[in-house]
1. Can you find even one residue in region 179-187 that is surrounded by fewer than 15 Cβ atoms within 10 Å (Cβ to Cβ) and not in a helix (DSSP H, G or I)?
2. Looking only at region 369-401, count how many residues are over 26 Å from residue 192 (Cβ atoms) and part of a loop (DSSP other than H, G, I, E, B).
3. If a residue must be among the charged types (D, E, K, R), more than 18 Å from residue 405 (Cα to Cα) and over 11 Å from the mean Cα position of the chain (by Cα), how many such residues does region 136-179 contain?
4. If you go through region 143-153 one residue at a time, do you hit one that is closer than 21 Å to residue 213 by Cα, in contact (Cβ under 8 Å) with a residue 24 or more places away in the chain and of a type in the set (Ser, Thr, Tyr)?
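A short reminder: the numbers here are calculations on the coordinates, not readings from a lab. As the structure is a prediction and not an experimental result, all values here were calculated from the model. Here the Cβ positions follow ideal geometry from the backbone for every residue, glycine too, while neighbour counts run over all protein chains shown.
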Amino acid sequence: MAKPIHEMSQWDASTHSRVPEEEWQATRELTHVATQILGNREEYLAPERREIGRRIGDQHHEMFVVCDPAEAIQQQFQQWATDFIAIHDVNTDSSPRILAGLAAATQRKVQRLVIRRQGHGVALATLEFAELPGANGQMLRVYSTRVDADTQQRQQVARVLLAYSRLGVVMVGDLPTHALESALQPVREGIARGPWPGRNLLFVPLSPPGSLHQQVATLAGRSGVQVSIAPQAVKPSDSWTAISNAWNRVRGDTASAAPPPAARPATQHDPIAFPAPVRPASAGAKPLPMQPMPPTRPTVAPVESDTPWQAYVRQCIDITGMISCCVFELATQRTLAHAGARPGPASLAAQGAALHEAANTAAKAMGLSVAPPDVTVTLNGHHLIVRAVAGHPGLALHAVLDSHAANLMLVKMKLQRLDGDSSASAA
C-alpha cells in the first residue's frame, strides 16, 4: 500500500526498480472490465466532460484511435487545450512512486489510460496518471511519461506529454557528465524540432546536481522554454514540494494567503484552483489538509483595479499559441496592459513601435500609402503581430505566438472578433 507523498521519507528500493508483481497483477484487471452498453452514439460521445479518454471504471480509461498513440494524444491535447503536469524519469523510476503518493494523499487510485486500435481493441499504449481534485468537479492530471508501449511509441508519447504539459518535470538520477548529456539529448532534440507549446520545464535532481546546471543551461536554445532546476530531492515529499512551488510560479500564484476563487466575483474567464497535498499539522490529522494550487487557465498578474485593456489582453492570451501580448501607445510606447510570459511589456511596446515605424518607412519609400499598423512577421519558431486596435487611434497590439501551435488565420479572425466586441462595448 502506497503512503501519501508527504509521508514518504526516502526513495526506497522499489522506487528505482520495476513495480512489484502484485501491482502489475492489478493492471491486468483491465482485461476483465465488463463491456458497457450505452444507449446511443450521442451518449458515448457526450462532450460534457473534457477528459482525454473515456472513463470505463473506477481507475480505467480508454481511447480508440485510428493513428499512432502519440499522434492521437497530441490531437486530444490540441483540441481540449487542457492543463496538466508531466513527470519524466532520467535514470530513475521515480514518477510511479510520486503518482502513487499523490493518489494515496487524495484517497484515490492511480488512473490508467489505455489507447486501443479502432475496430480491433488491440492495446497500443497504456499511460498512468494521478488526479488532483479541484473546484466545480474539475481535475488536474499528473502524468508519468513511463508509457507501456513499444520502444518507438513509448519515446514519442513521452515527448508529446512533456511538450504539451503546462509544467514538465524531469526527475534526474545519478549520472556522470557524459552519460547525462546523452540522456538529455532526446529532450533537447524534441524542443529544437518542435512543436513544443509547453513553456516550463523543471529539473529535479535526486543526487548532487554536479554538471546538471551546465547541461540544462543550453537545453532550451532559443525556443522560449523556461528551464529551472530545483534543489536536490532527498525524499519524495521534497520532489512534490519543488513541483508544487514551480506550479505556483507558472500560474502566477505566489501569495499563500490569497483568497479562494469563490471569494471573487465569478466571470466567464474565472480560473479553477486545484489543491495540492501538503504535510498535515499533526500526525493524526484527517482528512489530509490541502493547500490551493493555482489556476489552470492563462491569467495576467493580479492588479488592484481591472481595466478594459486588461480584460482585452486576458482574452487575447487565451488564443491558442499566444505567448505574450500587450496594448501600447504608438507615440509614447507606454504600455496600457500586458498578459503572458516573456517578452515583457516594455520590450513588446518598444519593438512593436519599431516594427510599425519600419513598415511606414518602407511604404513611403515605395510610394505607398501609410495606414494604421497591421504587420505580421514570421520567424523560425514564432509569429509577431503588430496591429492597430479598432476604434482606438494611436493604440496598437503587439502579440508573440508560437508558430508551431498557432494557426495564423484563426488568430487574426479571433483578434478581429475581439476588436468588434471591444468597439461595441465602448459604444
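1. No, there is no match, as no residue in region 179-187 is surrounded by fewer than 15 Cβ atoms within 10 Å (Cβ to Cβ) and not in a helix (DSSP H, G or I).
2. The total comes to 11.
3. Total satisfying the criteria: 5.
4. Checked region 143-153: no residue is closer than 21 Å to residue 213 by Cα, in contact (Cβ under 8 Å) with a residue 24 or more places away in the chain and of a type in the set (Ser, Thr, Tyr).
Every residue, every condition in (1) in contact with a Cys (Cβ under 8 Å, 6 or more places away or on another chain); (2) surrounded by fewer than 21 Cβ atoms within 10 Å (Cβ to Cβ); (3) farther than 14 Å from residue 164 by Cβ, yes or no:
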residue	(1), (2), (3)
77	no, yes, no
80	no, yes, no
94	no, no, yes
101	no, no, yes
113	no, no, yes
149	no, yes, yes
